[in-house]
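Please treat every number below as a calculation from the coordinates, not as lab data. All values derive from a computational prediction rather than experimental measurement. Please note: Cβ atoms are built from the backbone with ideal geometry, for glycine as well, and neighbour counts cover all protein chains shown.
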Amino acid sequence: MLLQQFKKQFYLELSKLYPETEIQSFFNLLIEYKLNLSRIEVALQPDLNISEIDLSFLQNALIDLKNQVPIQYILGETEFYGLPFKVNENVLIPRPETEELVNWIIASTPPSSQIKILDIGTGSGCIAISLAKNLQKCKMSAIDISKKALKTAANNAKINNVKVEFIEKDILKTSVLPSNYDIIVSNPPYVRELEKKLMQENVLANEPHLALFVKDKNPLLFYDKIADLALNHLSKNGSLFFEINQYLAKETVKLLESKGYKNIILKKDIFGVDRMIKATI
């Protein structure tokens, strides 16, 4: 099949599912990934004959997109904070809001600081690895309950040439952390079951629910547990950073206040919603 023929088929079959700009983005990403062709090269080579092996991959990718599989899972990779990350069904796809959380921590920390940082619920390792890459004198550790997620995170650390200590641990069953830290950061599960109807179908169908959802009756259980652990394991003048549920911002602030945290800062993300908190003890 010629490249222009596949492009026509690709746009036609996805036209009722996605806006044209998104279809164009999908097409460009797939062609660059599999054929190593830029957008300009695609325009200059419409009669390029696609090999059977490459066409098989592209046709399967088209089927996956029709079934709402995220493009990041199809490619098996994405970018976060300017760094490459492998992703799969065992980890969440990193979001731009989380990049803002990472940026806040980096901006709050002198790059030469020899500090200890713990990332709780690391998933793909995007937070821990991005911090380790940009705060090169820090000692970085990361916890996750999922052995498969930690395997993905360890691979991502290797790809990005950073050292991170990965620890398999159920934080809800943890009474003592491995050490004391200058910064503890977490982007824990925070989407309530009642909010499922607000989410895109491709997220619900493909991303790990263990990393997304909490029960409606106790939506702040991870924040409650982590904040308690941080009280005993943050160093003097240490900071706790959270990514939070925008609908529970006030409740999260009150939770931290009730435990004696000070200097609590609630910050909005690029979409103008309450998304991040910083607090000290």
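Observations on the model:
- Rounded to 5, the percent of DSSP beta bridges in the chain classed as antiparallel: 40
- The mean sequence separation of alpha-carbon pairs under 8 Å and at least six residues apart, normalised by the residue count of segment 3-67, gives a relative contact order of 44 percent.
- Full extension of the segment from N263 to L44, taken as 0.36 nm per residue of separation minus the current Cα-Cα distance, would add 73.1 nm.
- Of the cross-linked pairs K34/K86; K173/K254; K236/K259; K151/K278, those separated by over 18 Å at the C-alpha level are K173/K254; K151/K278.
- Between segment 214-258 and segment 161-192, the alpha-carbon center distance in angstrom: 13
- Computed extension gain for I167 through K215, at 0.36 nm per residue and net of the alpha carbon distance, reaches 14.8 nm.
- Computed E for Q68/L231 - FRET, C-beta separation, R0 35 angstrom, nearest 0.05: 0.25
- Mean separation of Cα contacts under 8 Å, 6 or more apart, over the residue count of segment 88-280: relative contact order %: 20
- R0 of 22 Å, Cβ-Cβ distance L12-E77: FRET efficiency to nearest 0.05: 0.25
- Extension gain for I53 to Q200 (0.36 nm times residue separation, less C-alpha to C-alpha distance): 49.7 nm.
- The label point for E32 and the one for I270, both projected 7 Å from the Cα toward the Cβ, are 1.5 nm apart.
- Listed residue (P219, S179, T252) projecting farthest to the positive dipole end of segment 150-257, Cβ model: S179
- Phi-derived couplings, Karplus 6.51 cos²θ - 1.76 cosθ + 1.60 at θ = phi - 60°, listed residue by residue for segment 242-252: 10, 8, 10, 6, 4, 7, 10, 4, 4, 5, 5 Hz, with x used for Gly and Pro.
- Zero-based 10 Å bins, Cα pair distances in the chain, whole percents: 6, 26, 31, 20, 11, 4, 0
- Charge tally for I143 (other residues, Cβ to Cβ under 11 Å; Lys, Arg +1; Asp, Glu -1): -4.
- The charge dipole of segment 195-244, taken about its Cα centre with unit charges on the Cβ of Lys, Arg, Asp and Glu (plus for the first two, minus for the last two), comes to roughly 140 debye.
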